[in-house]
Every structure is written in C-alpha cells, then in structure tokens.
Amino acid sequence: MNLGVAGLFALAYSGLVLFALAHSLRKIFPPMRAALTAFALSATVHGATTLFAGDEGGMALAFWAVPHLLVLPLLLLSARRQAARAADGR
C-alpha cells in the first residue's frame, strides 16, 4: 500500500476516533474537558499498544501520534465553539 494512502487512512481514523469519543464524553463533561479527555484516552490506549509493536514501534507511533496531533487543534476549536454556543443559550 502506498505510504500516502496509509497516512490518509490514519488521519481519517484518528479524526473519527477522537471526534466520536469526544461526542460520547460530551454527555457527561463540558465540551473542552470532553475533547481533552478523548485525546488523553486515545493517546494512552494507542501508546500502550505501540509498546507491543516490536521492531515497527516507530512506524506505529508515527501512524497514530502525527494524525492525532494534526486533529487535536480542530477538536479543540470545535469544543470551544460548542462551549460558546452553550454559554449563549443556543
């Protein structure tokens, strides 16, 4: 598989995981805390599984850490907008 295509799949997967987890956590936490908790949970789980990747640990780290860090600003921006809407009463 082409490395670029695999990178796009990794980015899409990270976005899906983080936004779905943050949406689920939004039911019990405020938006910003839900976003940060989703990122922390996902990074913890993916980091722990990276330890079992053996010789390919560096590549496994690149395929979850880089996309997670690219998606994090969008996740935080979305949480900030949701918090602003909640404060406005919309």
* Looking at Ala43, Ala38, which is the one that is open to solvent by 20 Å² or more (accessible area, probe 1.4 Å), in a helix (DSSP H, G or I), closer than 30 Å to Ala87 by Cα and not hydroxyl-bearing (Ser, Thr, Tyr)? -> Ala43
* Scan segment 65-77 for residues that are open to solvent by less than 40 Å² (accessible area, probe 1.4 Å) and either in contact with a helix residue (DSSP H, G or I) (Cβ under 7 Å, 6 or more places away or on another chain) or outside any helix (DSSP H, G or I) (or both) and report the count. => 5
* Asked: What residue, of Ala62, Ala86, Ala34, is of a type in the set (Gly, Ala, Ser) and under 29 Å from Leu3 (Cβ atoms)?
  -> Ala62
* In this structure, is Ala40 of a type in the set (Gly, Ala, Ser) and at pLDDT below 95? -> no
* To do: List every residue pair whose Cβ atoms lie under 6 Å apart, where the two residues are 6 or more positions apart in sequence or sit on different chains, the first residue falls within segment 43-68 and is at negative phi and among the hydroxyl-bearing types (Ser, Thr, Tyr), and the second residue, located anywhere, is open to solvent by 30 Å² or more (accessible area, probe 1.4 Å) and in a helix (DSSP H, G or I).
  => Thr50/Ala60; Thr50/Leu61
* **Qualifying positions in segment 1-12 - in a helix (DSSP H, G or I), out of contact with any Leu (no Cβ under 8 Å at 6 or more places or on another chain) and either open to solvent by 60 Å² or more (accessible area, probe 1.4 Å) or of a type in the set (A, V, I, L, M) (or both)** => Leu3, Val5, Ala6, Leu8, Phe9, Ala10, Ala12
* Collect the residues in segment 13-35 that are part of a helix (DSSP H, G or I), in contact (Cβ under 8 Å) with a residue 40 or more places away in the chain and open to solvent by 30 Å² or more (accessible area, probe 1.4 Å), keeping them in residue-number order. => Tyr13, Phe19, Met32
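The values are calculated or read from the model by the stated rules, or taken from the named source; none is laboratory data. Because the structure is a prediction, the values reported are computed rather than measured. Cβ coordinates were reconstructed from backbone atoms using ideal geometry, including for glycine residues, and neighbour counts include every protein chain displayed. To get the accessible areas, we keep the full protein, side chains included, count just its heavy atoms, and leave off ligands, DNA and RNA. Shrake-Rupley method; radii C 1.70, N 1.55, O 1.52, S 1.80 Å.
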